[in-house]
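The values are calculated or read from the model by the stated rules, or taken from the named source; none is laboratory data. Keep in mind the model is a prediction, meaning the values are calculated, not measured. Because the Cβ atoms are built from the backbone with ideal geometry, glycine has one as well, and the counts that use them run over all protein chains shown.
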Amino acid sequence: MKLIYQSYGIADRPLFYFGILTLIVGTQLFVGGFLAELMVRSSENRNHYLIAEELGLQEEPLRESSLSNS
């Protein structure tokens, strides 16, 4: 029974420090991802695409009958 009920504090256990380390690393990863998401969403060059060539475009608009057949 001495293995279960030992008289040392929680700060003396290695798992305590491992838990603190994982909390810190997890928080840093979350904040880094959150800041990256903010930077991507507030970018001025978002959704500005350069079109090199237009392929296969029809000159006339599609009719309703051609849309309903597919």
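Here is a yes/no grid of residues against (1) aliphatic (A, V, I, L, M); (2) modelled with pLDDT of 65 or more; (3) at negative phi; (4) surrounded by fewer than 10 Cβ atoms within 10 Å (Cβ to Cβ):
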{"position": "Gly33", "(1), (2), (3), (4)": "no, yes, yes, no"}
{"position": "Leu38", "(1), (2), (3), (4)": "yes, yes, yes, no"}
{"position": "Ser43", "(1), (2), (3), (4)": "no, yes, yes, no"}
{"position": "Glu53", "(1), (2), (3), (4)": "no, yes, yes, yes"}
{"position": "Leu57", "(1), (2), (3), (4)": "yes, yes, yes, yes"}
{"position": "Glu60", "(1), (2), (3), (4)": "no, yes, yes, yes"}
{"position": "Ser70", "(1), (2), (3), (4)": "no, no, yes, yes"}
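Mind telling me which of the residues Tyr8, Tyr17 ends up being aromatic (Phe, Trp, Tyr) and modelled with pLDDT under 90?
Numbers: Tyr17 fails: modelled with pLDDT under 90.
Result: Tyr8 is the single residue among Tyr8, Tyr17 that is aromatic (Phe, Trp, Tyr) and modelled with pLDDT under 90.
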